[in-house]
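Student: Encoded as structure tokens, here's the structure I'll be asking about.
What follows is calculated from the coordinates using simple rules that are stated; it is not laboratory data. Everything numeric here is computed off the predicted structure, so don't read it as measured data. Every residue, glycine among them, receives a Cβ derived from its backbone with ideal geometry; neighbour counts consider all protein chains shown.
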Amino acid sequence: MTTEPPRDRAQRPLRVPWWLWIALLVLVAANTIEIVVTISTNAVLDSLPLPFSPAARVIFAGTWVTVLFIYGVALWLQRRWAFRWIVPVLNLYALTHVVWQILFFRSDFDRGRLPFQIVIAALLVLPLWVIAWQRGWLARSITITAE
């Protein structure tokens with residue numbers, strides 16, 4: 001006797017694609033490296049005319065390390081809220097990094113990279129939305145009770 005998989009996307013078993021694990025790991029590692037480099041070069045950064053404080057950079061990266069780590073653990077434990085919110089959180093991550101560049105990078109080289117980074121961010125986030133929609137990650141489970 002075979003059983004059919006649930007047709008309702010909200011009742012399918014939740015599974016994270018392997019590449020999303022790699023993406024989360026890379027983002028956590030990149031932000032951790034940014035924290036370490038900023039702290040180790042703090043004396044040099046303080047002497048430069050930067051439009052931001054090195055402490056702000058450490059806090060910004062540390063916040064993202066914490067958020068992405070919490071979502072990674074929650075995805076590992078298959079918490080439905082993590083599946084529902086991981087794509088909007090990664091969108092916010094991409095958006096905040098683009099805004100960070102708009103606000104704080106002054107060189108022509110960095111400004112010239114901005115359109116490229118916007119396109120790359122959009123190309124990386126768009127497939128996440130498609131997969132989240134197809135796998136039902138964005139669906140809320142609704143329970144109707146008879147009175």
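Student: Tell me the label-point distance for the pair V26, W100, using the 7 Å Cα-to-Cβ offset, in nm and rounded to one decimal.
Tutor: With each label point 7 Å from Cα toward Cβ, the separation is 1.6 nm.
Student: What length, rounded to one decimal in nm, is gained on full extension from I70 through to L123, with 0.36 nm per residue of separation minus their alpha-carbon distance?
Tutor: The I70-L123 span can extend by a further 16.6 nm.
Student: Tabulate in residue order the Karplus-calculated ³J(HN,Hα) for the range 25-34, using 6.51 cos²θ - 1.76 cosθ + 1.60 with θ = phi - 60°, rounded to whole Hz; enter x for Gly and Pro.
Tutor: Couplings: 4, 5, 5, 5, 5, 5, 5, 5, 4, 4 Hz.
Student: Could you tell me whether the range 16-134 comes out rounded, prolate or oblate from its Cα gyration tensor? Rule is a ≥ b ≥ c as square roots of the eigenvalues, rounded for a/c under 1.5, then prolate if a/b exceeds b/c, otherwise oblate.
Tutor: oblate
Student: To the nearest 0.05, what FRET efficiency results for R84 and T63 with a Förster distance of 25 Å applied to their C-beta separation?
Tutor: 0.75
Student: For the residue pair I131 and W18, what label-to-label distance in nm results when each label sits 7 Å from Cα along the Cα-to-beta-carbon direction?
Tutor: So the two model labels end up 1.2 nm from each other.
Student: Sticking with this one: Return the sequence-ordered ³J(HN,Hα) values of the range 66-74 in whole Hz as given by the Karplus equation 6.51 cos²θ - 1.76 cosθ + 1.60 applied to θ = phi - 60°, using x for Gly and Pro.
Tutor: Values, residue by residue: 5, 4, 5, 5, 4, 5, x, 5, 5 Hz.
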